[in-house]
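Below you'll find the structure, written out as structure tokens, and then a few comments.
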């Protein structure tokens, strides 16, 4: 790998030498960060928000969230296993680095904070992976400034996915209290334009006696430094990796003084500190705008030959750049049962003026599809929440019946239907502290309410005790009018995600026939409720400008049947409105990866139409939550509702 100009170390250190004192923290986040001379990193970090660099055009970027795998990896320094070292019987450091390189590739590590990375190990890493990864400081020659205590904490990142905008250091104590520069890198994702600060450390061990006081000083400096970065550059995430040589003392002290939280969970309140499950001295931390998932601590036989530490990684998810710019912080989903696309076209359209205006104000299609194997309401509601087909044979959730059957063993919950737990968008949001609600006028929604209550919901996957109930609020009312009133009341204290199911239109269609006179009257009543809900969102200062509204249907209708193979049973609207959503825009034109099905009934093979089951990962993606576990539709979370291509 060719060398890249680095910031002058002495200049960076002079600017940061006083970082241990609180009064110097402001300098850490502004003038102290010195840009290298690389062509793509010419901006210095001034006060105020960091903007996207000039060569990144949001209009050309994928709409989905930024997702990447972060690792902290203590390599066990080369000197420990060389002849005369203190680790007898180990493979030499160069061989172990080759093994570490294979672990990096095999596990898809994208951003890595190394510790104990000595010069021969850096050289081996560059020789084997230098074509794919960049590294900072990553020096090997003492004449170029190599220092084992500085370069040993190098940060590496995939060059095809990230570019470095800034590279610098801050000082913190190491062995015997000597201040050692610790690296900070500002990375920008090449695909999405997202910027992230990454910093890495190795806090002192007890090698020369009790170093707890030194570790505490390091933690205090780190907390102040990161707080200053956040204050000067709000919204830019910070990833912090390292061998802290501590578990409880580090976690409780750092989370008390910093807003960063651990990738493996744990809880921190003003009065209590609860460690994550199985805490280790190797940590991955991040600001609260990062959603972590898939945390791993691996100690396989191969890893045990490579290093004396676990290989630790976690997957980070960040809200899409477009959604950040739009200020979207919550989503309301309106699921209208028995609303075929035909109800919003032709002579029927005049009975739905609010829905037509909503379409004109946002991005929409009248050619979305229900699940391929069933157009019944209940299975499609579960598909909408789980991002899965209905039939188990397609990897679905297994709910293929129309009515809630609480007393039948195999049909009482979604877990029973699928023979395993079925995660939904409620899990993804709840397990990261978001608030959720389900309101329905269809008593069959009792299946969902029961499946995710305090008895049947899964344990929190992040080790944070938010309870097993995935629904902060759930209620079934006797009419759409009562449900609409309950939602508008809830909007005074809005949830992160609210799913609202309205059933009166379907009931009327089944009784009197779809698209007939009685149905059109019911459509007018439904339209007024949708218009009232939309107005409540627009006129509420808590929700206006920060809420995405999604309107779709879990079923259409034909003659007196709310399910069947007729086109009007499976062809439904899909409407998205909110700040940043382009008006009068066709969803298929925003999403060329989808294929408009015309009048066909596509299965799950080949290019897919927009389906109601896309709601699950549209919601999680827009809000920056991890993809719904075990979902099947749009797991890339790349459904675009913001960017005009």
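Relative to the longest principal axis of the chain, what angle (0 to 90°, nearest 10) does the C-alpha long axis of helix 517-539 take? Result, in degrees: 30. Stretched out straight at 0.36 nm per residue, the stretch from residue 419 to residue 511 would grow longer than its current Cα-Cα span by 29.6 nm. Across region 316-463, C-alpha contacts under 8 Å between residues 6 or more apart give a mean separation that, scaled by the residue count, equals a relative contact order of 14 percent. Spacing of the modelled spin labels on residue 481 and residue 212, each 7 Å from Cα toward Cβ, amounts to 6.7 nm. Counting only DSSP beta bridges with both residues in the chain, the antiparallel share comes to about 60 percent.
For the peptides 500-506, 129-135, the ranking by mean Cβ contacts within 10 Å, running from highest to lowest, is 500-506, 129-135. Compared with the alpha-carbon gap, the fully stretched path from residue 82 to residue 149 is longer by 22.3 nm at 0.36 nm per residue.
Just from its helices, what would the mean residue ellipticity at 222 nm be for the chain, if runs of 4 or more DSSP H residues each count -39500 (n - 2.57) and the sum is divided by every residue, rounded to the nearest 500 deg cm²/dmol? One gets -8000 deg cm²/dmol as the mean residue ellipticity at 222 nm.
The simple Förster model, with R0 at 60 Å and r as the Cβ-Cβ distance, assigns residue 91 and residue 270 a FRET efficiency of 0.80. Angle of helix 377-386 to the longest C-alpha principal axis of the chain, folded into 0 to 90 degrees and rounded to 10: 10°. Taking the 0 to 90 degree range and rounding to the nearest ten, how far is the long axis of helix 480-490 tilted relative to the main principal axis of the chain, both from C-alpha atoms? Result, in degrees: 30. FRET efficiency for the pair residue 542 and residue 405, taken as 1/(1 + (r/R0)^6) with r the Cβ-Cβ distance and R0 = 51 Å, rounds to 0.85.
Dividing the mean sequence gap of close Cα pairs (under 8 Å, 6+ apart) by how many residues region 251-315 holds gives a relative contact order of 29 percent. Taking every alpha-carbon pair under 8 Å whose residues sit at least 6 apart, the chain reaches a relative contact order of 16 percent.
Using the Cβ-Cβ distance between residue 489 and residue 248 with R0 set to 35 Å, the FRET efficiency from 1/(1 + (r/R0)^6) comes to roughly 0.20. Rounded, prolate or oblate: which one fits region 599-645, using the alpha carbon gyration tensor with axes a ≥ b ≥ c (rounded when a/c is under 1.5, else prolate when a/b beats b/c, else oblate)? Oblate. Counting neighbouring beta carbons within 10 Å and listing from fewest to most, the residues 302, 295 come out as 302, 295.
Annotation: extensible slack from residue 191 through residue 141 equals 14.6 nm (criterion: 0.36 nm per residue apart, minus Cα-Cα distance). Note on residue 98 and residue 325: their simple-model spin labels are 4.8 nm apart, each label 7 Å out from Cα toward Cβ.
Values quoted throughout were computed directly from the atomic coordinates according to the rules given, and no laboratory measurement underlies them. Just so you know, these numbers come straight off a predicted model, no measurement behind them. Positions of Cβ are backbone-derived with ideal geometry, glycine not excepted, and every protein chain shown enters the neighbour counts.
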